[in-house]
Amino acid sequence: MIVYKIDVLAALKSAGYSSYRLRKEKIMGETTMQKIREGGLTSWENLSRICELLNCQPVDLLEYKPSPDASV
């Protein structure tokens, strides 16, 4: 499964993008932020926007972890 390597919303907040600012400036909606909070993946468009805001690459945000029940 694909998971976040970092706390995306905390990283955005450190970069000056509070959840209030993200909503107010229509950078990201509450539904998207809630999905991220819960560890759910968001659209490529939103991932691209996050990478732009944090000046990073998708590999800095996401990683693959095998499911505990995955058989080889």
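The values are calculated or read from the model by the stated rules, or taken from the named source; none is laboratory data. Quick caveat, the model's predicted, so the values are computed rather than measured. Reconstructed Cβ throughout: ideal geometry from the backbone, glycine too, with neighbour counts over all protein chains shown. Keep in mind that these areas ignore ligands, DNA and RNA; they rest on the heavy atoms of the full protein, side chains included. Shrake-Rupley method; radii C 1.70, N 1.55, O 1.52, S 1.80 Å.
Less than 5 angstrom separates the built amide H of Leu62 from those of Lys5, all sequence-distant by 5 or more or on a different chain. Taking a ≥ b ≥ c as the square roots of the eigenvalues of the alpha carbon gyration tensor, the chain is prolate, as a/c is not under 1.5 and a/b beats b/c.
Rounded to the nearest Hz, the phi-derived 3J(HN,Hα) couplings of the stretch 48-61 under the Karplus curve 6.51 cos²θ - 1.76 cosθ + 1.60 (θ = phi - 60°) are 4, 5, 4, 4, 5, 5, 8, 6, 9, 10, x, 5, 6, 9, where x marks glycine and proline. Summing Cβ point charges (Lys, Arg +1; Asp, Glu -1) relative to the Cα centre of the chain gives a dipole of roughly 300 debye.
Using the heavy atoms of the protein chains and a 1.4 angstrom probe, tell me the accessible area per residue for the chain in square angstrom.
71 Å²
Here's the list of lysines a cross-link from Lys24 could span, going by alpha-carbon distance under 17 Å and ignoring same-chain residues fewer than 8 apart: Lys13.
3J(HN,Hα) couplings calculated from phi for the stretch 5-18 with the Karplus curve 6.51 cos²θ - 1.76 cosθ + 1.60 (θ = phi - 60°) are, in sequence order, 7, 10, 7, 4, 5, 5, 5, 5, 4, 4, 8, x, 10, 5 Hz; Gly and Pro show x.
Could you calculate the FRET efficiency of Glu25 with Met1 from 1/(1 + (r/R0)^6), where r is the beta carbon distance between them and R0 is 30 Å, rounded to 0.05?
Result of the calculation: an efficiency of 0.45.
The apolar share of the surface of the stretch 21-72, taken as the fraction of accessible area on carbon and sulfur atoms (1.4 Å probe, ligands and nucleic acids excluded), comes to 49 percent.
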